[in-house]
Structures are given as structure tokens and as C-alpha cells.
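Report on the following structure.
The values are calculated or read from the model by the stated rules, or taken from the named source; none is laboratory data. Being a predicted model, the structure only gives us computed values, none of them experimental. All Cβ positions, glycine included, derive from the backbone under ideal geometry; neighbour counts span all protein chains shown. These accessible areas exclude ligands, DNA and RNA; they are computed on the full protein's heavy atoms, side chains included. Shrake-Rupley method; radii C 1.70, N 1.55, O 1.52, S 1.80 Å.
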Amino acid sequence: ARQQSRLAVMRARFDGKALTDVQDIWVGKSGGTSGSRIAFGADGLLYLQIGAAFGDEAQRMDNTLGKVLRIKDDGGIPADNPYVGQKDVNPAVFTRGHRDPLAMAWHPMAGVMLSAEHGPNGGDELNVIRAGRNYGWPQVTYGHGYDGGVLAESPLAPGIEPPLVFWVPSIGPSGLVVYTGDRFPAWKNNVFVGSVRRGQIPGTGSLERVVLNDKLQELRRETLLGGLRQRIRDVRQGPDGLLYVVTDENDGAVLRLEPDSRP
């Protein structure tokens with residue numbers, strides 16, 4: 001039989017020269033590696049994304065595909081995970097209904113985990129990850145099929161968590177950070193999302209800036225770095241309070257964003 005891929009989370013210690021104490025703390029079943037960003041919350045727990053772009057696995061509870069999982073840093077299961085003790089449900093499951101999540105970051109001011117995922121043709125989402133919630137895929141989406149066909153009669157449904165922000169056309173979200181530094185005071189608590197391309201058009205990658213109020217309601221958004229015509233694969237805040245982005249190109253680069261020094 002053909003060997004399928006599987007997703008694993010590895011823990012190790014870096015002693016300055018090499019990795020030591022290497023161990024797998026979570027290993028999924030074969031067949032699902034879509035997504036797979038990880039992030040720690042302020043609770044000290046590790047959140048893990050797994051997508052399910054095709055099929056109905058994201059809604060079914062007999063698997064871990066199309067889910068956000070929450071585990072301890074040694075692979076153990078938190079006692080307050082929403083499905084602990086439920087028969088035939090993996091106790092690591094925290095939320096369901098995700099298509100292809102490729103970005104995740106903790107929002108320290110709001111005290112929530114944010115996750116960005118690819119929709120199909122349109123319908124990319126930024127979500128607040130809350131225990132036990134259903135985020136709709138594949139039953140509910142703002143996107144269409146790649147052939148233009150209708151996938152959902154409505155982008156909203158009872159019992160489905162609506163996205164905090166959505167993009168139509170798609171931006172191909174990849175990389176996510178909440179800015180907390182002092183070098184860009186006007187950007188404090190803004191959400192930055194990397195974009196590999198907009199609306200299936202090559203050469204349209206960018207860095208998306210989303211401004212939210214203290215209730216996590218969207219105020220405005222801005223597209224940055226579009227003139228570079230580069231696929232942005234990730235964005236991070238450095239310890240110096242500056243923003244760093246990495247481009248996904250044959251001749252990719254790490255870029256550093258600094259405040260404008262002009263008077």
C-alpha cells in the first residue's frame with residue numbers, strides 16, 4: 001500500500017549547537033498534513049492546526065482533520081478540553097470546521113488565539129478560536145468552488161462561528177502576528193497577515209494590516225508591500241520591535257520593516 005503522509009509535533013531542546021532530547025509529542029494518523037501551524041497560548045498550552053480542504057472530515061468527529069487541537073507541551077491532554085471523555089472523539093480536539101489553516105498567533109490584549117485559513121475560491125478567514133466551536137467548513141463558507149460553482153447557500157448558519165474577518169477575493173493567508181512593540185506606535189495591537197496572492201493572480205502577494213477595536217470588531221484594513229509583487233509566507237515581530245517578513249520565491253528573502261525616518 002502507498003505510504004501516506006502524517007502530521008507530527010516534535011519537541012527538542014537546543015543547546016546552542018544541536019538539538020537534544022528529541023521526541024514526538026503528538027502524531028496524527030496518515031492522510032492529513034494540511035495546515036499545521038502551532039502556537040502557544042498564555043495558558044502555556046500548545047495549539048495545533050490541521051486542515052481538511054476536501055471531503056467532510058472537518059465536520060466529522062471521528063478524526064482530527066479540519067480541527068484545531070490543544071495539548072500540553074509534553075503531549076498530554078488538558079482536562080478542560082471540550083471533548084474529553086466523549087466516546088470516539090480524540091480528546092485533543094478543541095474546535096472543528098476548518099478548511100486549510102496556515103497561520104496562528106496569540107492576541108495578548110484580547111487574550112484569545114487567532115487563526116487564519118484559506119477558503120476555496122474566496123472566503124479566506126481570520127477566526128477567534130473558542131473551545132468547542134464549529135467554524136463551518138465545508139457546510140458554510142464565503143467562498144465559491146474553483147469552477148465558480150456555489151458551495152453554500154449562505155455564509156452564515158445557526159451554530160456556526162462566523163469569521164472575525166473574511167477576504168473575497170482570497171489573499172492566501174500565510175503567517176500571522178499581533179503587533180505589540182513600540183517602534184510602530186500607530187500599529188499597536190494591529191493584526192498582520194501574510195498574503196501569497198490575491199484572487200488567484202500571480203505576483204499579487206502582500207502584507208495585510210487589520211485594525212480591530214478592543215471588542216475585536218474590524219475598523220479598517222490596509223494592504224502593504226504589494227508593490228514588491230512577492231509571495232509573503234510569514235510575518236513575525238522581532239525582539240527589537242520591528243516586523244520581519246519572509247518571501248516565498250525562488251530567490252526569497254527575509255525583509256525587515258522599519259519606521260520611516262523622514263521628517
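The table below gives the values:
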| quantity | calculated |
| --- | --- |
| Average Cα contact separation per residue, the chain, under 8 Å, 6 or more apart, as relative contact order % | 10 percent |
| Percent breakdown of C-alpha pair distances by 5 Å bin, ordered from the shortest bin, for the chain | 1, 6, 12, 16, 18, 18, 14, 9, 4, 1, 0, 0, 0, 0 |
| Whole-Å distance, taken between Cα centres, linking region 198-263 and region 92-146 | 20 Å |
| Partner lysines for LYS67 [C-alpha distance under 27 Å; skip if fewer than 8 residues away on the same chain] | LYS29, LYS87, LYS215 |
| Phi to ³J(HN,Hα) by Karplus 6.51 cos²θ - 1.76 cosθ + 1.60 over region 217-228, Hz, x for Gly, Pro | 9, 6, 9, 6, 8, 9, 9, 10, 6, x, x, 6 |
| Qualifying trypsin sites (Lys or Arg not before Pro) for region 36-79 [loop in DSSP, other Cβ within 10 Å: at most 16] | ARG60, LYS72 |
| Sites matching trypsin sites (Lys or Arg not before Pro) across region 181-263 that sit in DSSP coil, with at most 11 neighbouring C-beta atoms within 10 Å | LYS215 |
| DSSP-loop chymotrypsin sites (Phe, Trp or Tyr not before Pro) across region 37-88, with at most 14 other Cβ within 10 angstrom | PHE54 |
| Principal axes of region 40-184: Cα extent on each, largest first, Å | 50, 44, 23 |
| Cross-link partners of LYS72 among lysines (Cα-Cα below 18 Å; sequence separation of 8 or more within a chain) | none |
| More than 14 Å apart - percent of Cα-Cα pairs taken over region 164-223 | 56 percent |
| Ratio Rg/Rh [Cα only; Rh per Kirkwood] for region 218-263 | 1.01 |
| Carbon/sulfur fraction of accessible area - region 114-212, other protein chains in place, 1.4 Å, % | 54 percent |
